[in-house]
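To keep things clear, I will list the structure first and then write my remarks on it.
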Amino acid sequence: MNASFYRSSKGRLLFTLRGRIHRTDFWLGMVAVVGVTTLAILLHGRRVSGGALGEFFTIITVIAVLSPYCLTAVVVKRLHDLDKSGWHALVLFVAFFAAGLAAMAHEGLQQSQITLAEWRDFWTTVSYVSAGLALALLAYLLVKLGFTRGTLGSNRFGPDPAAPVEEHAAEEAA
């Protein structure tokens, strides 16, 4: 990737934490991150050789490795459009981390022969509850970030991304 990609709107969408994005850009960013990650998973680490196609799949793999950061960048900029701090995205990551820990503990207890049945039942319940809470939080955030109109006009994170280009130029000149 060269510097011109980073300066392009697509590069800024996926790789910078500053500014605001509109709902449409949020959905485009989500589709891009999920699509690239899915493609990388389907490739399953296989190397593709052959000129431009090989370079394309190399870029796909690099972006898939960076997908947690790209997802964070898209979510943070959308939170900025709602005049919320990007640190609110941390709640999502804590919820999924807790659900992952509970699932790993549950799996470890399922594999162990020396634990009591009550502990297995307890961690099964904890993993289901934490996974359910994480999914409910994800659904809420997708609805909130994907369908709520952002702050009208400029806010502390920048100009309104839905405003016409002439308004952006007038705000920057002022």
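Here are the numbers for this structure:
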{"item": "Test for Trp119: is it modelled with pLDDT under 80 and among the aromatic types (Phe, Trp, Tyr)", "result": "yes"}
{"item": "Filtered residue count, the stretch 137-158, keeping only those that are touching a Gly at 6+ places or on another chain (Cβ under 9 Å) and of a type in the set (Gly, Ala, Ser)", "result": "1"}
{"item": "Residue in the stretch 75-98 that is in a helix (DSSP H, G or I), on the phi < 0 side of the Ramachandran plot, at pLDDT 85 or above and of a type in the set (Val, Ile, Thr) present", "result": "yes"}
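Each row is one residue, and each column tells you yes or no for (1) hydroxyl-bearing (Ser, Thr, Tyr); (2) part of a helix (DSSP H, G or I); (3) at pLDDT below 80; (4) farther than 23 Å from Phe26 by Cβ.
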site	(1), (2), (3), (4)
Phe57	no, yes, yes, yes
Pro68	no, yes, no, no
Leu101	no, yes, yes, yes
Ile114	no, no, yes, yes
Lys144	no, yes, no, no
Asp160	no, no, no, no
Glu171	no, yes, yes, no
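The values are calculated or read from the model by the stated rules, or taken from the named source; none is laboratory data. Computed from a prediction, not measured in an experiment: that's the story for all the values here. Heads up, the Cβs are rebuilt from the backbone with ideal geometry, glycines too, and the neighbour counts pull from every protein chain shown.
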